[in-house]
């Protein structure tokens with residue numbers, strides 16, 4: 001580097017633990033990386049690394065947890081299942097598919113502290129309680145960027 005700084009580039013998607021850094025409050029951290037966001041905005045130092053500053057810096061909405069769930073359903077009234085699923089406020093999108101999975105659902109959880117446990121509880125108590133649902137597969141991304149408005 002021109003100014004003599006040593007730079008280590010870390011792929012945040014692989015490390016994928018921004019949430020852990022916030023929740024653990026950087027206990028025992030001796031050296032702190034600089035997080036550079038869009039427009040060269042930066043976070044430096046333990047004091048600056050707060051959830052509020054992260055929400056300002058990162059282009060994703062951190063006040064929500066999104067999940068993507070595939071459903072396998074037994075033959076039946078897909079219209080009834082569609083109406084039932086769309087009745088949940090957590091269901092943002094619903095797509096009927098052909099192939100191994102029958103339905104693809106985009107879920108969104110909001111609240112004072114949304115977390116992955118909310119996704120687990122919703123899938124196990126609400127989605128899997130639908131008699132026609134035979135199987136589910138859920139993905140909860142660590143970090144998302146979307147072009148669509150929330």
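Answer yes if at least one residue in the stretch 52-64 is surrounded by 13 or more Cβ atoms within 10 Å (Cβ to Cβ) and at pLDDT 75 or above, and no otherwise.
The answer is yes, given that some residue of the stretch 52-64 is surrounded by 13 or more Cβ atoms within 10 Å (Cβ to Cβ) and at pLDDT 75 or above.
Restricting the search to the stretch 111-127, which residues are more than 13 Å from the chain's Cα centre (by Cα) and modelled with pLDDT under 85?
111, 112, listed by residue number.
So, of the residues in the stretch 78-92 that are touching a helix residue (DSSP H, G or I) at 6+ places or on another chain (Cβ under 9 Å) and outside any helix (DSSP H, G or I), which turns out to be nearest to residue 106 (Cα to Cα)? Spell out the reasoning first.
We begin by selecting, within the stretch 78-92, every residue touching a helix residue (DSSP H, G or I) at 6+ places or on another chain (Cβ under 9 Å); these are 85, 88, 90-91.
Narrowing the set further to residues that are outside any helix (DSSP H, G or I) leaves 88, 90-91.
On the way: 88: 11, 90: 8, 91: 6 Å.
Looking at residues that are touching a helix residue (DSSP H, G or I) at 6+ places or on another chain (Cβ under 9 Å) and outside any helix (DSSP H, G or I), I get 91.
Show the residue pairs meeting these rules: Cβ distance below 7 Å; 6+ apart or different chains; first residue within the stretch 115-136 and free of Cβ contacts under 8 Å to residues at least 60 places away in the same chain; second residue assigned to a helix (DSSP H, G or I).
These pairs meet every condition: 130/81; 130/84; 132/81.
Go through the stretch 100-110 and count every residue that is at pLDDT 90 or above and surrounded by fewer than 16 Cβ atoms within 10 Å (Cβ to Cβ).
Qualifying residue count, the stretch 100-110: 3.
The values are calculated or read from the model by the stated rules, or taken from the named source; none is laboratory data. None of these values were measured; they are calculated from a predicted model. Please note: Cβ atoms are built from the backbone with ideal geometry, for glycine as well, and neighbour counts cover all protein chains shown.
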